[in-house]
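These notes concern the structure reproduced below.
The values are calculated or read from the model by the stated rules, or taken from the named source; none is laboratory data. Since the structure is predicted, the reported quantities are computational estimates derived from the model, not experimental observations. With ideal geometry, Cβ positions are generated from the backbone for all residues, glycine too; neighbour counts draw on all protein chains shown.
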């Protein structure tokens, strides 16, 4: 029978030819760091959306000086003493060093176009944005913070799925975050979910799809199983936009695709609609 | 009398368990004593070989499946079909029946016994239509106050083109959300493979049980080996690393109790396995039926929200 892995999608197996991260995979335009930064990491030629780091994303969305980060130091432990080719603790330390984050999500209070909200923004650069205990706990705390302060929760996801180095406890972050969203909804608050590339596996199958309104960035992969897994199992040639935001919109799985330069205004409008406090 | 070396080791394991934050939720519902009793019975920590034996037994082709337990345990069984929207997923069973005289709703994945059934039931891997069917059954339970029993036995959700187009991720999330909202007692038991999102979709329950030789994991051993070692044949090593066996799941607070199996595994005596499962389900349900619905829901969410190890 087919062996599948449905929780985690990693990068494709044959290493792609080394490309500079500032070279557009769509049209091969090349940019300097400051050019990309000014353009919110969107290719000026073809509109390709480069990955965006969590702090930069927050800066691009919130009103200047309004963001107050919460639980910045919260990090995962190593419950299993997990060891593959290297110990999990070493991978964690390395990710912390290279990203300056304690785990793959940043949460905190802020306001967008003058409306108060709570933000939970994932960072793919930290171990592929994988969800382990720290991500689950911080997301849950963001729900509680939003409920307590009577503001909507805005999430931006970018994740390969559950973090397998935390074993079954990583899977348990799915029901954990689902329960947190339910508590938020019971408190009468909205959740606005923005899915950036990629939002797959356990994050798609838990809180990301439970928002009252589901938005996606252009071209974002949003599939539960990765294209490689589906292709191996079905032996079919997959359509070019398989699992992408555009296909999800066509099949009625999301409400809108919002290009990055319009995201702040769209969220501002939604926060007004959901009566977020000034 | 000084404690034996064996007892000292057990005490050490228990003290380590107490120190991790995930037991916060377990303490709320007085689970620690239960855990202690179970640990006392279990004894030693399973080795890599023990874990691999569980993987093999959990996938044994003669292992009883959901419908075998339905036949052995439920009277007046009536199977529901379809999500009443798009289709009927043979990988997911849903229905109503009497368990020890009490009407219950039962949902669970069903693997196939022969090659024809296996392909029809996709080895117990559900499509979104299957989760929709399970949700429909759970809503019947909520409307009429019937407890929900779910039997988990799946390698994972089906990774197909149609499944993705019809919102596989959203279906798994929504099914969990429905379970988080229920105000009727819910008991889940992993009876074979508890594979990833496909399993948790129907396992957000008041009590989660696991048969002695079942496995419960975030990824299949082969999938994990493929990603971390780039070699599926390292599956045994991967399983030893992520520990999907019942004893480790109990220690991590992920399950509430282990359901014993006949010696050598459930496949050696399916009738005895069904009887043991039936007794566990009855005991567990009796604990829950008198708790008010709001309180059940509050405790259920608090329990799942306490899972994780962080600092």
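What the table below lists for this structure:
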{"item": "Total residues in the range A:149-178, condition touching a residue at least 24 places away in the same chain (Cβ under 8 Å) and either within 7 Å of another protein chain (Cβ to nearest Cβ) or assigned to a helix (DSSP H, G or I) (or both)", "result": "16"}
{"item": "Options A:232, A:236, A:182: the member that is farther than 24 Å from residue A:49 by Cα, within 10 Å of chain B (Cβ to nearest Cβ) and assigned to a loop (DSSP other than H, G, I, E, B)", "result": "A:236"}
{"item": "Among (1) more than 9 Å from chain B (Cβ to nearest Cβ); (2) assigned to a loop (DSSP other than H, G, I, E, B) - the single one residue A:192 does not satisfy", "result": "(2)"}
{"item": "Failed criterion for residue B:212 (all others in (1) more than 7 Å from every other protein chain (Cβ to nearest Cβ); (2) over 13 Å from the mean Cα position of the chain (by Cα) hold)", "result": "(2)"}
{"item": "Of residues in the range B:251-271 being more than 22 Å from residue B:63 (Cα to Cα) and within 11 Å of chain A (Cβ to nearest Cβ), the one modelled with the lowest pLDDT", "result": "B:251"}
{"item": "Residue pairs meeting the criteria (Cβ under 6 Å; at least 6 apart or on separate chains; first assigned by TED's automatic domain parsing to the domain that holds residue A:197 and closer than 17 Å to residue B:197 by Cα, in the range A:215-236; second surrounded by 24 or more Cβ atoms within 10 Å (Cβ to Cβ) and modelled with pLDDT under 90)", "result": "A:225/A:6; A:226/A:9; A:229/A:4"}
{"item": "Number of the exception - residue A:243 against (1) at positive phi; (2) at pLDDT 95 or above; (3) out of contact with any helix residue (DSSP H, G or I) (no Cβ under 6 Å at 6 or more places or on another chain)", "result": "(3)"}
{"item": "Flag if residue B:198 is within 27 Å of residue B:275 (Cα to Cα), more than 10 Å from every other protein chain (Cβ to nearest Cβ), surrounded by 24 or more Cβ atoms within 10 Å (Cβ to Cβ) and under 18 Å from the mean Cα position of the chain (by Cα)", "result": "no"}
{"item": "Single residue of the range A:244-278 satisfying the filter (farther than 18 Å from residue A:190 by Cβ and without any contact (Cβ under 8 Å) to a residue 24 or more places away in the chain) that is farthest from the other protein chains (Cβ to nearest Cβ)", "result": "A:262"}
{"item": "Out of B:54, B:119, sole residue that is more than 24 Å from residue B:187 (Cα to Cα) and either modelled with pLDDT of 95 or more or assigned to a helix (DSSP H, G or I) (or both)", "result": "B:119"}
{"item": "Count - residues of the range A:113-164 that are modelled with pLDDT under 95 and more than 27 Å from residue B:235 (Cβ to Cβ)", "result": "0"}
{"item": "Subset tally (residues that are facing chain B (nearest Cβ under 9 Å) and in a strand (DSSP E or B)) for the range A:195-219", "result": "2"}
{"item": "Count - residues of the range B:143-172 that are in a helix (DSSP H, G or I) and away from every other protein chain (no Cβ under 14 Å)", "result": "2"}
{"item": "Residue match in the range A:221-238 (condition: at pLDDT below 95, in contact with a strand residue (DSSP E or B) (Cβ under 9 Å, 6 or more places away or on another chain) and surrounded by fewer than 24 Cβ atoms within 10 Å (Cβ to Cβ))", "result": "yes"}
{"item": "Number of the exception - residue B:177 against (1) outside any strand (DSSP E or B); (2) more than 7 Å from chain A (Cβ to nearest Cβ)", "result": "(2)"}
{"item": "Which numbered condition residue B:291 fails, given (1) in a loop (DSSP other than H, G, I, E, B); (2) modelled with pLDDT under 95", "result": "(2)"}
{"item": "Residue A:29 vs. criteria outside the structural domain of residue A:189 (by TED's automatic domain parsing) and surrounded by 13 or more Cβ atoms within 10 Å (Cβ to Cβ)", "result": "yes"}
